[in-house]
Amino acid sequence: MTKYKQIRIALNNCGVIDPENIEDYIARDGYMALGKCITEMTPQDVIKEIKDSGLRGRGGGGFPAGLKWEIASKNHADQKYVVCNADEGDPGAFMDRSVLEGDPHAVLEAMAICGYSIGATKGLIYIRAEYPLAIKRLKIAIDQAREVGLLGKNIFGSKFDFDIELRYGAGAFVCGEETSLIHSMEGLRGEPTIKPPFPAEKGYLGKPTNVNNVETYASVPIIIRKGASWFNKIGTEKSKGTKVFALAGKVNNVGLVEVPMGTTLREVIFEIGGGIQNGKKFKAVQTGGPSGGCLTEKHLDTPIDFDNLVAAGSMMGSGGMIVMDEDNCMVSVAKFYLDFTVEESCGKCSPCRIGNKRLFELLERITKGQGTMDDLQRLRNMSNVIKDTSLCGLGQTSPNPVLSTLDNFYDEYLAHVKDHKCPAGECKDLMKYFIIAENCVGCTACARVCPVGAITGEKKEAHLINSETCIKCGACMERCKFDAIIIK
Amino acid sequence: MEKVKLTIDNKLIEVEKGTTIYKAAKQLGIDIPVLCYMNLEDLGIENKPGGCRICVVEVEGRRNLAPSCSTDCAEGMVVNTHSIRVINARRTVMEFILSDHPKDCLTCAKSGNCELQDMAVKLGIREIPGQEYAAMSTYKMDFSPSLIRELDKCIMCRRCEMMCNDFQTVGALSAFKRGFEAAVGPAFEMDIEDSTCTYCGQCVAVCPTGALTEKDHTREVINALSDPTKTVIVQTAPAVRAALGEEFGLKPGTLVTGKMVAALRRLGFNYVFDTDFAADLTIMEEGTELLGRLTKHLNGDKEVKLPILTSCCPAWVNFFEHNFPDMKEIPSTARSPQQMFGAIAKTYFADKIKVKREDLVVISIMPCLAKKYEAQRDEFKVDGNPDVDFSLSTRELAHLIKQANLDFKSLPDEDFDKPLGESTGAAVIFGVTGGVIEAAVRTAYELQTGKKLERVEFEQLRGMESIRKATIDFNGTPINIGIAHGLGNARKLLEDIKAGKSEFHAIEIMACPGGCIGGGGQPLHHSDSSILKARTKAIFAEDEAKVLRKSHENPYIIKLYEEFLGKPMSEKAHHLLHTHYFDKSGKIEIS
Amino acid sequence: MTKIKTLADLVKLRDELQSKQALADSADNAESIIQIKVGMGTSGIASGAKAVIDFLVEALEKRNIEANVSQTGDMGYSYAEPTIEVKKPGKDPVVFGFVNVQKADEIIEKYIKRDELVEGIIPVNYHTIDN
Ligand SMILES: Cc1cc2nc3c(=O)[nH]c(=O)nc-3n(C[C@H](O)[C@H](O)[C@H](O)COP(=O)(O)O)c2cc1C
Ligand code: SF4
Ligand code: SF4
Ligand code: SF4
Ligand code: SF4
Ligand code: FES
């Protein structure tokens, strides 16, 4: 098993079967796991198998799935629910969408297995309305499964009933947070509430509810079929199995990647990802989306798992992985994520509602060259306090992009603040137009085109740009035939 | 009950499982600052969104800080409420909140009584770093007859939302927009006037900031008082005298009836009267209506509408007009005491002192904001001239007294003027939950049975429970009485009536917690329910101190009927003292 | 389709389906045919997979090549969408990237008809759970 870096478990059927045909799924042992659970295993057996497998939630937190099922199974109620979190709100992430589009039955089968083990008869998939194809395929899959009796009453001739419905999300990022998701399904404002109580105690309509991510569910049938001991051989000590990443940014082979836990960032970026585009230099990789951080060269050989990424100042998150090269300004990267957070905060708690806005404003000042050393100090303090005091996971992690870039790229912040320069050349406000004297022939073309008269110089002598008056329109650079004008 | 042991600031404590860190600390005398959290103990009113994050504390072994208001104590927990990490976090969060808050304290209605301001003082905020370039979230102002919403000052504590939705079940307020733009208001950001708001003012009563305030009418009153062509008279509601003193540093529950009268006289009112007079009148009308319906019912009339519902709370009237218009025949048609007073003042009394209606200005001092709305209802106007010109809240009266530089505490006790200032103990207890029905029973009993009550107190009708039931023996006929305070509780009784499950003959409803003593216009209780209890006690004390305790014994009421109205429910009484209700269910428009 | 009432029903159905597929795959079977899968996830469709699948169905029919064209989910190679997988009986499947209509035409003419290599093959770089 060492020939390739990737192992496809969650993506096992993706790109292989026709997702709109249940026979394709069945031909690849589909629903065998459910059959095995119902006919050969007790609910406790199933939970034990999942616990032994070491499967941890793929939605971000990495909570042990088996343990979660066990808690839900032990909370008694007349009705329980199995919920699949398919809200997938991280910018650039599309792992869950791909699984649902490519292998919808795996998720349905896993939800039924979960229902069997915790004593629930109803499943709900909360999916963002912006995923029409996934919705269509899920609908087809549910219909087909019902038609052959794999969903519905008395599945496999047993007393076990299970059916699944879809619920649509409006695409708010915070609605992916489980308590928020539940409120949204109940028709309430999609905002989180304090945990405890956890959904496993008091979830949808106040009933015990198991919430797992799409990818978490997609791993379940295989674990049941091949056994916990097969699964837990893959991965690291505390993170078992594989993780799907949406590899994006400045790598050559962007796309979906599924690797065993413990694979290094270097292997993912340079071997599977084929290295950096245009032969540029690797600078950083952002994992975990808006809740994650930027890791650098020195982290490249860190084996990827839940705990290592947190220790390095980032997160597994749901699996976004964005690679950056020397042209990416790290202050701008932090600003990009904060912009997202400010948009997506629900507004319930003050540190996230107002604090993130203030972080964004400070970052914006820095990228404009208006930041001070005091601001850097404040940036750190505000970030720490927002993390420390926010109500839900969104605010508790939203400063990570700031803190990790402050930690790993402090020099770059300093350059913006002290020298008013953006080393990566991304911050437009800090760029200056220069004339390289050696290249300048003194043709005066630039001076004639400058709308504000910022360029001076004698004919046939090197010209000069007055950066005070220059408005950075770039007209001179376009006009110069001798490549004498550069931006720095 | 299971107990847990923990240490807070190095002090060991044992508490019941389920106790929050905030409450446990309180038992130890540690006062953790809270902003969004609010608890009216014994009234079942609690706001616990965990949103402001001011109350955070450090819990050993926990990754982040814990909101003490909404984190339960656990066995072996080690809590530090004042570590540097906590102090810094609290202060930074407060700076965040203030960075998005107008610095309007100089002219803000809540200044001096604002929980946000107090918190800024407490946390020693001296500057807000980066304020120069910090954007602020802004919203349109919203004016209504009763309240003003200035959401620029909203801190998203959600207390108003909880009051309006959970306690009142009105549902006029909810969080709208997201993130930095989020605030609380009617759906689709419509104006409060277009919503189902009842103007109960409970949102105003709990708002920690100046985001929700009453519509101030003190300027209009000053204008009237300074107009030499006008005769300006004032009426004061029963609950006002039990709370006004708090504004001047007197202990909650101090009765200030005499000083209040003295202050009003010094402010320049030509006559200082009492709404209690009109409360006695209400009992005559409502009591007669009740007896009439009861007698018909007992004689087997199937058409008669029972139970009869009291109608003296204008927020409650608004509530059923919006939510139960199909039942608008059930409540008594008697106007509220404020409006009865106005109608009598501008007819009977105006004639007596020979002042033209338009030259007589009637001001009311009310514990209530719904009265402001009520005063401007069209059905209470004659040729555009309202029976009650302006209604001031208890708080506004306090402001006026302070503006007049009166040393309230050392004012002498003075008496109300006659004739509209005379009242009985039955009228006083209109100020508390259960009081209106108790007053009605005192009169109805004697009128119905022809017997004199040995004991006028009906303890079974008193208390703070949200819904109360009692059966009173009317000479062999058991009369079932229901009482609810809070519109959510009222809704339950109404649903029962609708479902044909109600066993009551008469029901009293007041919109505010504890009745008018907890009204939206009262001095702010800052979520201390002992204040409401003290006010209740004061009201009953005033009742007890009265010589006359039954409305039908009020000599001026007797005289009013003799000289002017004839008898209760007469045509004239109908015209002046009764009203009709409207179907407002379709009123909600999204503009 | 008939109802699956017991685990045995499911096993039976699976076995039938699997042997049908094996038959279709084997080189020395007269009935075996070429299988083409088009990656039709959202990213595939966004890059034009729909046009490709339509073209394939039409062109293969016109050129009298017997093949089974079906859709499948995202194969994971976002950088090379649209992607298609061609499996000729008895051979390992081959994945082509950057497939537009011209490329699809080339694949039919060269790889499918004449077994000639076509540029744009994406090498397999993962294990499945079965190997
Ligand atoms: C702001 C925020 C957004 C989240 N979005 C998602 C999401 O889109 N999909 C998801 O599966 N989990 C998301 N989560 C995590 C869920 O709260 C929850 O932990 C997860 O669905 C549990 O499933 P798992 O244990 O299988 O990971 C989010 C959490 C936070 C705080
Ligand atoms: S952290 Fe942000 S998203 Fe979470 S509750 Fe607070 S405001 Fe809402
Ligand atoms: S709400 Fe409070 S803090 Fe704000 S302006 Fe008014 S008094 Fe000042
Ligand atoms: S006044 Fe009463 S009904 Fe109106 S919004 Fe406030 S709490 Fe709701
Ligand atoms: S309006 Fe007042 S009570 Fe309501 S949320 Fe805002 S600050 Fe709180
Ligand atoms: S008082 Fe605890 S979060 Fe506001």
message: Please go through segment B:171-201 and give me each residue that is within 16 Å of ligand 2 (Cβ to nearest atom), touching a Phe, Trp or Tyr at 6+ places or on another chain (Cβ under 9 Å) and hydrophobic (A, V, I, L, M, F, W, C), ordered by number.
response: B:Phe176, B:Ala182, B:Ala183, B:Val184
task: Among residues belonging to segment B:127-149 that are facing another protein chain (nearest Cβ under 10 Å) and more than 15 Å from ligand 3 (Cβ to nearest atom), point out the one that is nearest to B:Glu374 (Cα to Cα).
output: B:Ala135
- request: Check B:Leu225, B:Leu255, B:Leu298 and return the single one that is more than 16 Å from ligand 3 (Cβ to nearest atom), at pLDDT below 95 and of a type in the set (A, V, I, L, M, F, W, C).
  value: B:Leu298
query: If you go through segment A:142-152 one residue at a time, do you hit one that is in contact (Cβ under 8 Å) with a residue 60 or more places away in the chain and over 21 Å from A:Asp29 (Cα atoms)?
result: no
query: Of the numbered conditions (1) within 47 Å of the chain's Cα centre (by Cα); (2) part of a loop (DSSP other than H, G, I, E, B); (3) β-branched (Val, Ile, Thr), A:Ile486 satisfies every one except a single condition; which is it?
result: (2)
message: Please go through segment B:142-170 and give me each residue that is within 16 Å of ligand 2 (Cβ to nearest atom), among the hydrophobic types (A, V, I, L, M, F, W, C) and either closer than 26 Å to B:Pro314 by Cα or in contact with a Leu (Cβ under 9 Å, 6 or more places away or on another chain) (or both), ordered by number.
response: B:Cys154, B:Ile155, B:Cys157
statement: Note on C:Tyr79: of the conditions (1) under 15 Å from the mean Cα position of the chain (by Cα); (2) buried (at least 18 other Cβ atoms within 10 Å of the Cβ); (3) outside any strand (DSSP E or B); (4) within 14 Å of chain A (Cβ to nearest Cβ), unmet is (1)
message: Scan segment B:55-64 and tell me whether some residue there is closer than 30 Å to B:Glu465 by Cβ, at pLDDT 95 or above and touching a Pro at 6+ places or on another chain (Cβ under 8 Å).
response: yes
task: Within segment B:172-208, work out how many residues are part of a helix (DSSP H, G or I), crowded, with 20+ Cβ neighbours inside 10 Å, within 14 Å of chain A (Cβ to nearest Cβ) and touching a residue at least 40 places away in the same chain (Cβ under 8 Å).
output: 1
task: Using the structure shown, decide if B:Ser70 is within 22 Å of A:Ile386 (Cα to Cα) and either surrounded by fewer than 14 Cβ atoms within 10 Å (Cβ to Cβ) or more than 16 Å from ligand 6 (Cβ to nearest atom) (or both).
output: no
statement: Flagged in segment B:74-116 as in contact with a helix residue (DSSP H, G or I) (Cβ under 8 Å, 6 or more places away or on another chain), within 17 Å of B:Pro208 (Cβ to Cβ), more than 16 Å from ligand 2 (Cβ to nearest atom) and without any contact (Cβ under 8 Å) to a residue 24 or more places away in the chain, in numbering order, are B:Cys105
message: modelled with pLDDT under 95 and within 27 Å of A:Glu201 (Cα to Cα): which single residue out of A:Glu109, A:Glu88 fits that description?
response: A:Glu88
message: Can you find, within segment B:82-141, the residue that is surrounded by the most Cβ atoms within 10 Å (Cβ to Cβ) among those that are assigned to a loop (DSSP other than H, G, I, E, B) and aliphatic (A, V, I, L, M)?
response: B:Ala109
message: Among the listed residues C:Val99, C:Val38, identify the single one that is in contact with a strand residue (DSSP E or B) (Cβ under 6 Å, 6 or more places away or on another chain), surrounded by 15 or more Cβ atoms within 10 Å (Cβ to Cβ), more than 9 Å from chain A (Cβ to nearest Cβ) and in a loop (DSSP other than H, G, I, E, B).
response: C:Val99
task: Report the residue count in segment B:426-462 for those that are more than 29 Å from the chain's Cα centre (by Cα) and among the aliphatic types (A, V, I, L, M).
output: 2
task: Could you tell me whether any residue of segment A:72-84 is of a type in the set (Lys, Arg) and within 22 Å of the chain's Cα centre (by Cα)?
output: no
field: Candidates A:Ile135, A:Ile118, A:Ile50, filtered to the one that is more than 19 Å from the chain's Cα centre (by Cα) and either under 25 Å from A:Asp24 (Cα atoms) or within 12 Å of chain C (Cβ to nearest Cβ) (or both)
entry: A:Ile135
- prompt: Looking at segment A:328-346, which of its residues are facing chain B (nearest Cβ under 10 Å) and surrounded by fewer than 24 Cβ atoms within 10 Å (Cβ to Cβ)?
  reply: A:Val342, A:Glu343, A:Glu344
- prompt: Hey, does segment B:35-55 have a residue that's away from every other protein chain (no Cβ under 14 Å), surrounded by fewer than 19 Cβ atoms within 10 Å (Cβ to Cβ) and more than 30 Å from B:Ala534 (Cβ to Cβ)?
  reply: no
task: Quick one: count up the residues across segment B:369-387 that are in contact with an Asp or Glu (Cβ under 8 Å, 6 or more places away or on another chain) and assigned to a loop (DSSP other than H, G, I, E, B).
output: 1
task: Within segment B:309-319, count every residue that is farther than 21 Å from B:Lys469 by Cα and in contact with a Phe, Trp or Tyr (Cβ under 9 Å, 6 or more places away or on another chain).
output: 4
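Condition check ((1) touching a Pro at 6+ places or on another chain (Cβ under 9 Å); (2) away from every other protein chain (no Cβ under 14 Å)) across all residues:
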| site | (1), (2) |
| --- | --- |
| C:Glu85 | yes, no |
| C:Pro89 | no, yes |
| C:Arg114 | no, yes |
| C:Gly120 | no, no |
- request: For segment C:41-67, name all the residues that are more than 15 Å from the chain's Cα centre (by Cα) and away from every other protein chain (no Cβ under 11 Å).
  value: C:Ser47, C:Gly48, C:Ala51, C:Glu58, C:Ala59, C:Glu61, C:Lys62, C:Arg63, C:Asn64
- prompt: What residue, of B:Lys17, B:Lys26, B:Lys11, is of a type in the set (Lys, Arg), touching a Cys at 6+ places or on another chain (Cβ under 9 Å) and either outside the structural domain of B:Leu532 (by TED's automatic domain parsing) or modelled with pLDDT under 95 (or both)?
  reply: B:Lys17
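The values are calculated or read from the model by the stated rules, or taken from the named source; none is laboratory data. Computed from a predicted structure; not experimentally measured. Here the Cβ is made from the backbone with ideal geometry for all residues, glycine too, and neighbour counts use every protein chain on show.
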